[in-house]
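In what follows, a structure is listed as C-alpha cells, so that the remarks can point back to it.
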Amino acid sequence: MLALTRGTELGAVPIEGGRTRFRVWAPHARAVALRSGGAEHPLDRAQEGVWEAELDLRAGDDYVFVLDEKRVLPDPCSRFQPEGVRGPSRVVDPGSFRWSEEAWNGVALEELVIYELHVGTFSEEGTFDGAIPYLEDLRELGVTAIELMPVATFPGNRGWGYDGVYVYAPHPAYGGPEGLARLVDAAHAAGLGVILDVVYNHVGPGSEALAAFGPYFTERHETFWGEAIDYERPAVREWAIQNACMWARDYHVDGFRLDAVQAIFDDSPRHVLAELAERVREESPRALVISETEVDDYRPIEEWGHDAQWADRFHHELHVLLTGEHDGYYERFGSLEGLAHELGRQPSVRLVVYAQDHDHVGNRARGDRLPRNLLRVAAACTLFAPHTPLLFMGEDYGEERPFQFFTDHIDPAIAEATREGRKREFERFSAFAGDVPDPQAVETFERSKLDRSRADEGLRGFYRELLALRRGLPREVEVEIDEQARTLRARRGEVELAVDFANATVELRR
C-alpha cells in the first residue's frame, strides 16, 4: 500500500491568489465534488485515494463535499464547523491570526506546572475569550501552562470534548478558530504555555460521516467508547498526525495531552504515536507530547519517545489514603508504602501527578471534588513530589461546585443511551448510591461552572507557597513512612514534608 506523502496536506488550505486547495481522502468514491454558494465543482482523482482541486474560494467561504452525486457531507478535516457537526465546513486562513508573542520561547518540561481546565465551565461566558482574564492570576500562582480539555467540534454545545467528530475544527460554542488563537496568544503574553488535550482513540457520535469517505475504522480492535481507528492505513495515520501538526503550527500550542493511548491500536512496524511525536517536533521543536494511559503502561516514555505521561497510580494511592474509598479501580490502592514508592518513581520529571483531574472528579457519580479539609494534604503531596504536577481548575482555592458529566447529544437515541449508561456505571459503587445527574440536562452543565465568590484565599496562598518552594528543591527525594501511625515524611534537600493522614494535617519543616 502506498503511503500518503507528507506533502499531501488534507483539508482546505488557502494558497496564493485568494484561492484554496482542497484535498480529501475518499478511496472508494467514484466521484467527489465540492459544493459552495450554489455552485458545484468536481475534484480530480489524485494518488492514494485522494481527490483534489484548487478553487476560487477564500477564508470565510462555506462548502460541503458531494460523494457519488448523492451524499452531502462536511470535510473530514474541516477547520471550522460554525453550525456544528451537521453544518457546512468553512475555509479558515491561519495566516490571518494576529500574534504578539515574539518573546515567547515555550515552556520546558523541567519547569512545567499544569493547570487543567474545561473551557465551557472555567468562566461564566464559557468561551476562549472568557478564560483570558484569569491567566495572569494563574501565572502569579506559579502555574506555567494551562491544559485545555478537548476543543474539537463535538455534537451539541455542551460536553467534555472527548466525543469530538471534526478534530481539526475548534468548537464553535467556545469561539471557533479565532477565539482559540486569541487565547493562546494571551496565554503566551501572560507567560503561560498552552497544552491541548487531543483524542485519537475514537470518534464521537456522528463518526459515520467520516466512514462515508473511507475506511477510517477497523473491526480488528475495539474500544470502550466506540469503533477503533485503523492506524495501519497511511491516510488515517495522516489524519491524526497532520492534525497534531496543525495545532502546533497554526495555533502555536506548546504541547499535547494524548487521551487514553492504550486504546490506540497499531500493529505497523512503527507505532503511529511514535511517528506523531517525531513529526510534531519537526513542526515545532519546543512542543511537548504527553500521554494518558493505563496504570503501569510505560510505552509512551519507554518506546514512543514521548516527553511524559500521566501517573494514575500516584493519584489512586493518594486518593484512597485521603478518602478511604476502595470501590472499583481503587480496590488495590491506598497504602503508605504504595505512595512512598510512587514518590520515588523515576524518571520523575516525565511523570505527571495530580490529586484531582477531570476524570477522577467528573467520572464520580455526582462529580464531587475533594473536600476542603483534605486539600492541603492533597496539595502538599502533589506539589512536594519531584514529578511534574497538574492541578484541576478550582482546586487551588477550594472550589465547592462539582464538575459533573454533561453532554448535549443531538441524536435522541444517543442521548438516552448516555443517560442509561451513566446510571448502570455506578450501580456497583456503594459510596455513590442515589440519583445520578442527567448528563443531558442544562442544569448539570450549569452546576459545573466555577464559582470563585467563595474562594479560600488562605488555601490559595498555600498553593502559591508550595509552588514557589518546589522551584528551588532538588529532584532527589527521601521518604519514611509509619503505616500504623499513618504518617509520611519526605525530604528534598533541606526541606521536609510531614504528612499525618490520620488527622489530615501537613507541616513543612525547613
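Can you work out ³J(HN,Hα) from phi for every residue in segment 130-146, in order, using Karplus 6.51 cos²θ - 1.76 cosθ + 1.60 and θ = phi - 60°, giving whole Hz and x for Gly and Pro?
x, 7, 4, x, 9, 5, 4, 5, 5, 5, 5, 5, x, 6, 10, 7, 8
On a C-alpha basis, how far is the centre of segment 284-303 from the centre of segment 85-131 in Å? Whole number, if you could?
22
When the Karplus curve 6.51 cos²θ - 1.76 cosθ + 1.60 is applied with θ = phi - 60°, which whole-Hz ³J(HN,Hα) does each residue of segment 359-365 get, with x for Gly and Pro?
Result, rounded to whole Hz: 5, 7, 9, x, 8, 7, 4.
Send over the Kirkwood Rh of the chain, from the inverse of the averaged 1/r over different Cα pairs, rounded to one decimal Å.
Radius from the Kirkwood sum: 23.8 Å.
Describe numerically, in nm with one decimal, the distance between label points set 7 Å from Cα along Cα→Cβ at residue 56 and at residue 476.
Modelled inter-label distance: 7.2 nm.
So, for segment 1-145, what is the accessible surface per residue at a probe of 1.4 Å, expressed in square angstrom?
48
Any chance you could look up the accessible area of residue 316 with a 1.4 Å probe, heavy atoms only, rounded to 10 Å²?
10
Grab the DSSP H runs of the chain that are 4 residues or longer, score each as -39,500 (n - 2.57), total them, divide by all residues and round the 222 nm result to the nearest 500 deg cm²/dmol.
Theoretical 222 nm ellipticity from helices: -7500 deg cm²/dmol.
What is the percent carbon and sulfur in the accessible area of the chain, measuring with a 1.4 Å probe over the protein chains and ignoring ligands?
Answer for the chain: carbon and sulfur cover 46 percent of the accessible area.
Would you give the gap between the C-alpha center of segment 342-377 and the C-alpha center of segment 452-486, rounded to a whole Å?
13
Per-residue counts of other Cβ atoms within 10 Å, averaged by peptide: what ranking do you get for 400-410, 481-491, highest first?
My ranking of the peptides, most packed first, is 400-410, 481-491.
Sort segment 28-71 into rounded, prolate or oblate with this rule: let a ≥ b ≥ c be the square roots of the eigenvalues of the Cα gyration tensor; rounded if a/c is under 1.5, and if a/c is not under 1.5, prolate when a/b is larger than b/c, oblate otherwise.
Oblate, since a/c reaches 1.5 and b/c is not below a/b.
If I model a spin label as a point 7 Å beyond the Cα along the Cα-Cβ vector, how far apart are those points for residue 21 and residue 136 in nm?
4.3
So, by mean Cβ neighbours within 10 angstrom, what's the order for 251-259, 237-245 with the highest one leading?
Averaged packing, sorted descending, gives the order 251-259, 237-245.
The values are calculated or read from the model by the stated rules, or taken from the named source; none is laboratory data. Since this is a predicted model, take the numbers as computed values, not measurements. All Cβ positions, even for glycine, are placed from backbone atoms using ideal geometry, and neighbour counts span all protein chains on display. All accessible areas refer to the heavy atoms of the entire protein, side chains included, with ligands and DNA or RNA removed. Shrake-Rupley method; radii C 1.70, N 1.55, O 1.52, S 1.80 Å.
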